[in-house]
1. Which residue pairs have Cβ atoms under 7 Å apart, sit 6 or more places apart or on different chains, and have a first residue in the range 163-181 that is without any contact (Cβ under 8 Å) to a residue 40 or more places away in the chain and a second that is surrounded by fewer than 18 Cβ atoms within 10 Å (Cβ to Cβ)?
2. Would you tally the residues in the range 186-220 being in a helix (DSSP H, G or I) and more than 16 Å from C22 (Cα to Cα)?
3. From the list T372, T388, pick out the single residue that is at pLDDT below 95 and away from the ligand (no atom under 16 Å from the Cβ).
4. Would you confirm whether any residue within the range 151-166 is in the same structural domain as L121 (by TED's automatic domain parsing), closer than 30 Å to Y334 by Cβ and either at pLDDT 85 or above or polar (S, T, N, Q) (or both)?
5. Return the pairs, sorted by first residue and then second, in which the second residue is small (G, A, S) and near the ligand (Cβ under 10 Å from one of its atoms), the first residue lies in the range 316-329 and is touching a residue at least 40 places away in the same chain (Cβ under 8 Å) and within 12 Å of N258 (Cα to Cα), the beta carbons are less than 6 Å apart, and the residues are 6+ apart or on different chains.
6. Restricting the search to the range 394-413, which residues are touching a helix residue (DSSP H, G or I) at 6+ places or on another chain (Cβ under 7 Å) and not charged (D, E, K, R)?
7. Go through the range 326-356 and report how many residues are within 16 Å of the ligand (Cβ to nearest atom) and more than 18 Å from H197 (Cα to Cα).
8. I need a count of the residues in the range 367-382 that are crowded, with 20+ Cβ neighbours inside 10 Å and touching a Gly at 6+ places or on another chain (Cβ under 8 Å).
Amino acid sequence: FCTMFSLKECDAIGFDMDHTLCRYVLSTQIELGHQALAQYLVKEKKYPKRLADPVLDDPNLVYCGGLLFDGQHKALVKMDENGKVEKAAFGTEMISDSEISKLYSSDMYCSHYSKVLSGTLSEKGVYHLHDNNFDMTLTVLLSRMMEIAEKQNNETKLNVFADFYEGISHAWDAASFSGGNSMFFEELKSNPGKYLHKCPDVVKTWLKALKAEGKVLFLLTSSHCDFAKHVMDYCFEDDWRSYFDVVISKAKKPRFFNEQFPFKVVDPDHVCELATEALELELNGWYSEGSSHVLHEHLKKWSGKESAKVVYFGDSVKSDIVPAKQKCDWEAVYIMDALRAEKGALNPLSGHEKSLLFSEGFGPLLKSTNGTGTCNSFFCKLIEKYATIAMPSVEYMASLPIDFQYSRLGNGNGYYPGKPNNILKQNYRLQES
Ligand SMILES: [Mg+2]
């Protein structure tokens with residue numbers, strides 16, 4: 001087992017699209033996601049208007065550190081590496097250690113710990129690990145919904161989880177991109193520049209260089225073909241499909257890695273999915289759904305290597321990193337916006353972005369306090385268990401030589417641009433923002 005990782009040794013290289021190959025302006029994108037969902041619930045499910053107050057009204061609850069939403073206790077919890085609840089919010093308020101031990105017994109152990117660590121990152125209605133930029137809007141929303149339901153004492157009790165999942169499937173329904181009645185997609189259609197960053201030339205040049213070295217390149221996104229085209233057209237501006245040997249949209253990750261669904265053909269001229277199932281994938285094709293198993297067979301064929309080594313870049317621990325490693329044994333490069341707080345990372349975080357990614361209430365992302373000392377946080381343990389390396393952006397890696405040797409994650413190594421000093425500090429956000 002090699003302690004170093006290099007792109008040079010990979011035969012196939014895949015990219016997630018949203019928040020990975022295509023970067024979003026976090027401050028506007030997170031608020032838009034929140035508004036789309038909250039306004040739906042206010043209008044259709046009669047939640048009080050304050051559900052749709054800006055996310056930053058509850059700065060402690062927005063946090064990119066892998067908080068677990070525990071449905072049983074209606075609490076948002078930060079665990080340490082051993083499963084002990086270090087910090088918790090009940091509704092929208094942070095709670096004290098003695099209140100935590102009332103909820104979680106005197107050892108303050110969270111019973112979902114081993115299940116989450118072994119890769120089951122959510123169980124519908126029971127718990128949900130919030131681990132990516134999309135999820136960050138959900139922490140505030142769910143906490144407010146729980147608090148509202150708790151205070152309500154009339155006969156028609158709000159069914160928070162049912163409303164929550166219904167809201168997600170309506171407000172963020174990928175199928176409604178073309179319909180014209182989704183606030184979320186209409187905004188992204190009419191003001192893409194407010195929400196998306198253009199792809200820098202250094203990334204385009206790097207993708208071309210990787211292809212020229214004989215690597216098989218693929219785009220693998222859960223976004224539907226029409227939305228994927230909209231985002232890629234805006235970010236790349238040119239013939240973006242030419243950068244990839246195959247494009248897969250509507251992948252429904254993590255299902256893509258867990259189950260065997262057939263691929264369907266996407267008609268690139270009409271940007272729609274055909275009913276035709278594709279048993280064989282063709283080079284330069286565009287497909288939807290499918291499974292990692294069949295894709296992997298094609299990556300072997302196209303690279304001419306029976307033991308093809310594959311690396312996948314993604315920003316979601318739940319949908320990209322854990323299943324790619326666990327189900328396919330692919331290397332997984334974790335794109336972690338929080339690392340943009342570190343010296344030497346490109347695209348430093350804005351003050352607004354810092355307030356969203358970090359929380360005074362929950363403290364450092366990768367460290368926990370336990371009694372007398374400190375230990376790694378659960379989030380740190382999860383990342384280091386499944387990801388190969390962690391990067392502030394694809395652009396950061398594109399700026400380094402293809403044969404650059406990266407230290408793998410573990411014992412504080414494997415984070416780039418270096419040991420994450422800023423995000424280890426307890427009072428980082430207080431000092432800097
Ligand atoms: Mg993504």
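The values are calculated or read from the model by the stated rules, or taken from the named source; none is laboratory data. A quick note: this is a predicted structure, and the numbers were derived from the prediction, not measured. Cβ sites come from the backbone with ideal geometry, for glycine too, and all protein chains shown count toward neighbours.
1. G180/E186
2. 8
3. Answer to the selection: T372.
4. The answer is yes; a qualifying residue exists.
5. D320/G314
6. Result: V394, A398, S399, I402, L409, G410.
7. Number of matching residues: 4.
8. Matching residues across the range 367-382 total 4.
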